[in-house]
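S.K.: Just passing along the structure, written as structure tokens.
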Amino acid sequence: MSWGIGDFAGGIASRRSNVLVTLLMTQVIGLLATAGLLALSSEELPRVTALAWAGLAGLSGVAGLGSLYLALSRGTMGLVAPLAALVGAALPALVGIVNGEPASPVLLSGMVLALCAVVVISLPDSTSAAQAAERGTAARSELLLILLSGLGFAGFYLFIDQSRANGGETWWPILIVRLAGLSIVLAGLVGLIVRSAARGRGDRPSLRVPLTLLPLLVLSGLGDLGGNLFFLLANAAGSLAVAVVLSSLYPVVTALLARVFLHERLSRLRLLGVSAAIGGVLLIAVGQA
């Protein structure tokens, strides 16, 4: 639920500001909150290998989050969030199969249903040829962002699981995740500023954050932090598959918030695709458990 609320807030903020600025603020807020909670805890510094895996998780996670915010700012949240979660849940299952884990009929059924969901959601609605061509181009761009987002989230799941397996507990890995994410966002901002300066002052991006967006940014940063925390706790208490699927149910919250506050409406075909995506995530988790 934390990820669902945080992603909705981040998507709204990204529509009204620069995506990199939104990422910067959410990472800073998450880092400050994590540092404070770590100071209050008695958690010992884990081994370097655990911190290294956490760093990789942070890089992968922020790449996925940035792609998701960009996709949410451009497309329909009720479609973007389920597809991104689907990719994020399916890839760890594929990794398990490649590593020799048995593939149950339920797991395979979930993957087939997931593929069907992607196909159904990708189909054009009944509209004019010109509108269909325009939406088709936008859909391909959104699908690429969704794929990158799902790959980033899958990498986060796999890498943070390795961090825990190497002795990482809770707050130190999350702190490293935040530091790694913040470093890549700062690098992206510096690159954007340098490129804009080379083109002239007229192209320089605005890095100002409107005061009206601060509540959304705080909610997004804390929601992302809460999602990381609850995933780590669920992963420590059970299997990676169960933790992944519980985390991957956040699109339900995102879609509901988009329906209530943005009045997003989905056609019957799109609703069928979203239902198939959520069903695929559930089957994949049950098949891995």
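The values are calculated or read from the model by the stated rules, or taken from the named source; none is laboratory data. What you are looking at is a predicted structure, and each value in this text was computed from that prediction instead of being measured. Methodologically, a virtual Cβ is constructed for each residue, glycine included, from the backbone with ideal geometry; neighbour enumeration extends over all protein chains shown.
S.K.: Any residue at all in region 101-117 that's under 30 Å from L256 (Cα atoms), polar (S, T, N, Q), in contact (Cβ under 8 Å) with a residue 12 or more places away in the chain and not in a helix (DSSP H, G or I)? Walk me through it before giving the result.
M.R.: Pass one, region 101-117, residues under 30 Å from L256 (Cα atoms): 106-117.
Retained after the next criterion (residues that are polar (S, T, N, Q)): 109.
After this cut, where a residue has to be in contact (Cβ under 8 Å) with a residue 12 or more places away in the chain as well, the list is 109.
Pick out the ones that are also not in a helix (DSSP H, G or I) and you get none.
No, that holds for no residue.
S.K.: Quickly run through region 162-177 and pick out the residues that are surrounded by fewer than 24 Cβ atoms within 10 Å (Cβ to Cβ) and in contact with a Pro (Cβ under 8 Å, 6 or more places away or on another chain).
M.R.: R164, N166, G167, E169, W172
S.K.: Among the listed residues S196, S183, identify the single one that is at pLDDT 90 or above and surrounded by fewer than 17 Cβ atoms within 10 Å (Cβ to Cβ).
M.R.: Details: S196 fails: at pLDDT 90 or above.
Residue meeting the stated conditions: S183.
S.K.: Another question, then. I need every pair where a residue in region 166-192 that is at positive phi has its Cβ under 7 Å from the Cβ of a residue that is assigned to a helix (DSSP H, G or I), sequence separation at least 6 or different chains.
M.R.: Pairs found: G167/A50.
S.K.: In the list L94, L108, L113, which residue meets the criterion of being surrounded by 17 or more Cβ atoms within 10 Å (Cβ to Cβ) and modelled with pLDDT of 75 or more?
M.R.: Selected residue: L113, the only one of L94, L108, L113 that is surrounded by 17 or more Cβ atoms within 10 Å (Cβ to Cβ) and modelled with pLDDT of 75 or more.
S.K.: Among the residues of region 240-276, count how many are modelled with pLDDT under 75, of a type outside the set (A, V, I, L, M) and under 20 Å from the mean Cα position of the chain (by Cα).
M.R.: 4
S.K.: Out of curiosity, is S14 without any contact (Cβ under 8 Å) to a residue 60 or more places away in the chain, buried (at least 20 other Cβ atoms within 10 Å of the Cβ), out of contact with any strand residue (DSSP E or B) (no Cβ under 9 Å at 6 or more places or on another chain) and of a type outside the set (A, V, I, L, M, F, W, C)?
M.R.: Values: without any contact (Cβ under 8 Å) to a residue 60 or more places away in the chain: yes; buried (at least 20 other Cβ atoms within 10 Å of the Cβ): yes; out of contact with any strand residue (DSSP E or B) (no Cβ under 9 Å at 6 or more places or on another chain): yes; of a type outside the set (A, V, I, L, M, F, W, C): yes.
Taking the combined requirement at face value, the residue satisfies it.
S.K.: How do the pairs read when you match residues in region 30-56 that are in contact (Cβ under 8 Å) with a residue 24 or more places away in the chain with residues anywhere that are of a type in the set (D, E) and part of a helix (DSSP H, G or I), using Cβ under 6 Å and keeping only pairs 6 or more apart or on different chains?
M.R.: Hits for this filter: G30/D224.
S.K.: Further, regarding this structure: Does region 199-211 contain any residue that is within 23 Å of L23 (Cα to Cα), at pLDDT below 75, touching a helix residue (DSSP H, G or I) at 6+ places or on another chain (Cβ under 8 Å) and assigned to a helix (DSSP H, G or I)?
M.R.: yes
S.K.: I would also like to ask the following. Restricting the search to region 116-165, which residues are β-branched (V, I, T) and modelled with pLDDT of 75 or more? Spell out how you get there, then give the answer.
M.R.: Applying the first criterion (β-branched (V, I, T)) to region 116-165 yields 118-121, 127, 137, 146, 160.
Within region 116-165, I146, I160 meet the criteria.
S.K.: Which one is modelled with the lowest pLDDT, of the residues in region 51-87 that are surrounded by 24 or more Cβ atoms within 10 Å (Cβ to Cβ) and hydroxyl-bearing (S, T, Y)?
M.R.: Y69
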